[in-house]
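See structure below.
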Amino acid sequence: MPNARRSVFLSADTEGERGNGVTLADVALAADVSLATASRVFSHPQLVRESTAQRVHDAARRLAFRPNLLGAKLRSQQTRILGVMLPTLENAVFAECWAGIEEVSLATGYSLMLVTSGYDPARERERVEYLLRHRVDGMVLTVSDAAQSAVLDQLDSEAVPYVLAYNQASPAGRRHSVSVDNRTSACEGVNALIAAGHRRIAVVSGAFMASDRARQRFAGYEDAMRAHGLPPLPPVNLPSHTASHSERIGALMGASAAPTAFFCTNDLLAIGVISDLKRLGLRVPRDVSVLGYDGIALGALVEPPLATVVQPNPDIGATAVRLLLKRLHAGTRPEALSASAPCVTLLPHGLRVAGTVAAPPAS
């Protein structure tokens with residue numbers, strides 16, 4: 001890779017900048033070059049021999065060197081780039097969120113850098129580090145578990161401005177977030193199933209460890225069931241949103257007390273469950289009802305249309321960017337960021353019950 005491109009990934013403005021506890025002087029020592037030469041590799045790479053620059057970059061990678069994002073000179077040189085980390089783009093809910101992020105960012109003169117985490121906490125840390133090395137001004141993030149996130153702890157300690165999308169931060173905490181009320185909205189959705197006459201309602205979700213939203217929505221299911229004196233069933237955790245799970249769904253439907261309705265914690269899971277039920281020869285909603293969660297546009301195109309809890313996905317992305325820009329314009333000094341009041345924004349949700357939800361069969 002040419003020197004000029006390497007300087008994009010690792011850059012330093014002063015010889016004393018410190019990144020991850022490692023200084024530029026440490027890098028120079030490890031590469032066996034002078035401090036001035038190491039500095040030129042990052043600031044004026046065209047002035048340094050390729051072989052010398054290679055040694056410096058290799059040493060920087062070994063030492064995980066990264067200058068402090070909020071160093072004195074870096075603070076005054078904003079890139080006008082926002083970093084975005086979403087779990088995946090295979091799920092249309094995040095693609096719709098991205099549309100809102102992109103619309104507001106471009107309208108306000110900001111460029112975007114997008115990474116995906118694959119619902120993997122280890123990969124979250126690596127992807128956020130990648131964004132930091134590109135010196136993004138701030139970030140919009142969706143993490144697996146906002147309450148226990150090493151990534152967010154790191155960003156908080158470095159006073160990097162960010163806003164969570166979909167993760168529902170605690171009002172008592174110091175983190176900014178934009179979401180719907182996952183627990184309340186899920187409770188309302190299950191209440192609609194109960195109002196339709198269902199008593200045996202199963203929950204299908206992704207892995208709880210990969211999504212705090214799934215856990216919150218399951219808690220809403222439990223709230224609704226217990227409020228009506230009904231026993232909650234154990235969740236059916238599926239490892240993939242897009243693969244067929246007809247064997248597990250078939251085992252549930254073959255039980256003596258088979259569910260008459262499924263509540264799926266996202267729409268992709270709901271569409272998959274409907275497909276599996278049809279493979280088993282069951283009709284939706286005549287034989288069994290299915291309720292999703294997300295309100296993605298694709299759900300309205302299936303036949304019958306998917307009943308679902310609707311969240312405003314583009315608005316979640318757009319609102320998260322507006323809140324992030326408000327934080328950036330207020331100043332990125334660590335003391336200013338730490339003193340700013342947390343903003344936990346809950347957007348309104350909706351409920352679309354027609355389509356794949358009906359009364360349970362009389363038998």
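When segment 264-311 is limited to residues that are farther than 14 Å from Val353 by Cβ and among the polar types (S, T, N, Q), the one that is surrounded by the most Cβ atoms within 10 Å (Cβ to Cβ) turns out to be Thr265. Counting only helices (runs of 4 or more DSSP H) wholly contained in segment 210-292, the ones carrying 2 or more residues that are more than 21 Å from Tyr119 (Cβ to Cβ) and either of a type in the set (Asp, Glu) or outside the structural domain of Arg200 (by TED's automatic domain parsing) (or both) occupy 212-227. Considering every residue within segment 256-263, establish whether at least one is farther than 14 Å from Ala358 by Cβ and touching a His at 6+ places or on another chain (Cβ under 7 Å). No, because not a single residue in segment 256-263 is farther than 14 Å from Ala358 by Cβ and touching a His at 6+ places or on another chain (Cβ under 7 Å).
When segment 295-313 is examined, which residues are found to be under 30 Å from Ala362 (Cα atoms) and either assigned to a loop (DSSP other than H, G, I, E, B) or touching a strand residue (DSSP E or B) at 6+ places or on another chain (Cβ under 7 Å) (or both)? Correct list: Gly295, Gly299, Leu301, Val302, Glu303, Pro304, Pro305, Leu306, Ala307, Thr308, Val309, Val310. Given the condition modelled with pLDDT under 90 and either on the phi > 0 side of the Ramachandran plot or in the same structural domain as Arg213 (by TED's automatic domain parsing) (or both), answer yes or no: does some residue in segment 154-170 qualify? Yes, segment 154-170 contains a residue that is modelled with pLDDT under 90 and either on the phi > 0 side of the Ramachandran plot or in the same structural domain as Arg213 (by TED's automatic domain parsing) (or both).
Of the listed requirements (1) touching a strand residue (DSSP E or B) at 6+ places or on another chain (Cβ under 8 Å); (2) buried (at least 18 other Cβ atoms within 10 Å of the Cβ); (3) closer than 24 Å to Ala169 by Cα, Val104 misses just one: (1). Does Ala36 meet the test of being modelled with pLDDT of 65 or more, in the same structural domain as Leu152 (by TED's automatic domain parsing) and over 30 Å from Ala330 (Cβ atoms)? No; evaluated as a whole, the condition is false for this residue. I'd like to know if segment 86-109 contains one or more residues that are farther than 25 Å from Ala60 by Cβ, among the hydrophobic types (A, V, I, L, M, F, W, C) and assigned to a loop (DSSP other than H, G, I, E, B). Taking every residue of segment 86-109 in turn, at least one turns out to be farther than 25 Å from Ala60 by Cβ, among the hydrophobic types (A, V, I, L, M, F, W, C) and assigned to a loop (DSSP other than H, G, I, E, B).
Beta carbons closer than 8 Å, at least 6 apart along the sequence or on distinct chains, pair a first residue in segment 108-127 that is touching a residue at least 60 places away in the same chain (Cβ under 8 Å) and in the same structural domain as Thr88 (by TED's automatic domain parsing) with a second that is part of a strand (DSSP E or B) and not aromatic (Phe, Trp, Tyr) for Tyr110/Ile81; Tyr110/Leu82. Within segment 208-226, the residues that satisfy the criterion of being among the hydrophobic types (A, V, I, L, M, F, W, C) and surrounded by fewer than 19 Cβ atoms within 10 Å (Cβ to Cβ) are Phe208, Met209, Ala219. Screening Ala95 with (1) in contact (Cβ under 8 Å) with a residue 40 or more places away in the chain; (2) within 19 Å of Asn313 (Cβ to Cβ) gives one miss only, at (1).
The values are calculated or read from the model by the stated rules, or taken from the named source; none is laboratory data. All of these numbers come straight from a predicted model, not from anything done at the bench. As a convention, Cβ positions derive from the backbone with ideal geometry for all residues, glycine included, and neighbour counts pool all protein chains shown.
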